[in-house]
Structure formats: structure tokens, C-alpha cells
Amino acid sequence: MDEEKILFDKHEIVVTDDSVSPPINHNLPASKITSIRYYNGFMRGLFGIKRKTRVIAIEAVGISRPIELYERKEVAFEKYLKLLREFAETNNITLHDELGATS
């Protein structure tokens, strides 16, 4: 939980997808990332209870479903929001910010 889930380079990111067992590291060059989305969603917590949280979803070519990072699980969530925004602007990647002024 304390380790970084996203490592940034100028034209590539490495994302750890821990929604599968064992966790998978995805090396994603900017050319493979189709979009990045910030939105308010839900995650299942203890005993399967749905909890409201902010979500980062990264969609890329070759990955069947978006890689999602949840604010409730990530200590560095605000840092990821900021750095992914800069990464998307630098590399002309579509960014959908549905959080409004909260990010």
C-alpha cells in the first residue's frame, strides 16, 4: 500500500495493476495510452460494502479493461492526479476530468 503504483518517465509510465493476483506491471508508452479519466465512483470495501471514492482510470491499447486506482487505497492519489495531468498534456493524451474543481 505504501509503494508507488505509477512510475513516470517523460514518454512512458509503469503502472502496477493489483486488481489481479499476482499484480502485473504494465509498461505503457504514451503512444499506447488512449485516454486517462478521473471520476467519482465506488469500490468494494470490507465485507463487500460499496464505498464512494475518486477513481483514476487509464485506458491503453492491448489492455482489455482500464487500469483503475482508487483514492481510498492510494496514499499518493493527489500526486498521481497532478503528474498524470502533466503527462497527458506533454504527450497529447486525452484527459477526461469528471471530478470538477476537486482535483
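Points worth noting:
- The single condition among (1) surrounded by 15 or more Cβ atoms within 10 Å (Cβ to Cβ); (2) not in a loop (DSSP other than H, G, I, E, B) that residue 47 does not meet is (1).
- Scope the range 41-70; condition of a type outside the set (A, V, I, L, M) and within 18 Å of residue 29 (Cα to Cα); matching residues: 59, 62, 64, 65, 66, 68
- Qualifying positions in the range 65-75 - within 19 Å of residue 14 (Cβ to Cβ) and over 11 Å from the mean Cα position of the chain (by Cα): 65, 73, 75
- Restricting 55, 14, 20 to those that are surrounded by 15 or more Cβ atoms within 10 Å (Cβ to Cβ) and without any contact (Cβ under 8 Å) to a residue 24 or more places away in the chain reduces the list to 55.
- Residues (out of contact with any Leu (no Cβ under 7 Å at 6 or more places or on another chain) and part of a strand (DSSP E or B)) located in the range 1-34: 6, 7, 16, 17, 24, 25, 26, 27, 28, 29, 33, 34
- Among the residues of the range 1-26, those identified as of a type in the set (D, E, K, R) and either modelled with pLDDT of 95 or more or more than 17 Å from residue 69 (Cβ to Cβ) (or both) are 9, 10, 12.
- Scope the range 58-103; condition surrounded by 12 or more Cβ atoms within 10 Å (Cβ to Cβ), assigned to a helix (DSSP H, G or I) and of a type in the set (Gly, Ala, Ser); matching residues: 88
- Residue in the range 27-43 that is modelled with pLDDT under 95, in contact with an Asp or Glu (Cβ under 8 Å, 6 or more places away or on another chain) and among the polar types (S, T, N, Q) present: no
- Condition check for residue 19 on (1) touching a Lys or Arg at 6+ places or on another chain (Cβ under 8 Å); (2) small (Gly, Ala, Ser); (3) on the phi < 0 side of the Ramachandran plot: one failure, at (1).
The values are calculated or read from the model by the stated rules, or taken from the named source; none is laboratory data. Everything numeric here is computed off the predicted structure, so don't read it as measured data. Please note: Cβ atoms are built from the backbone with ideal geometry, for glycine as well, and neighbour counts cover all protein chains shown.
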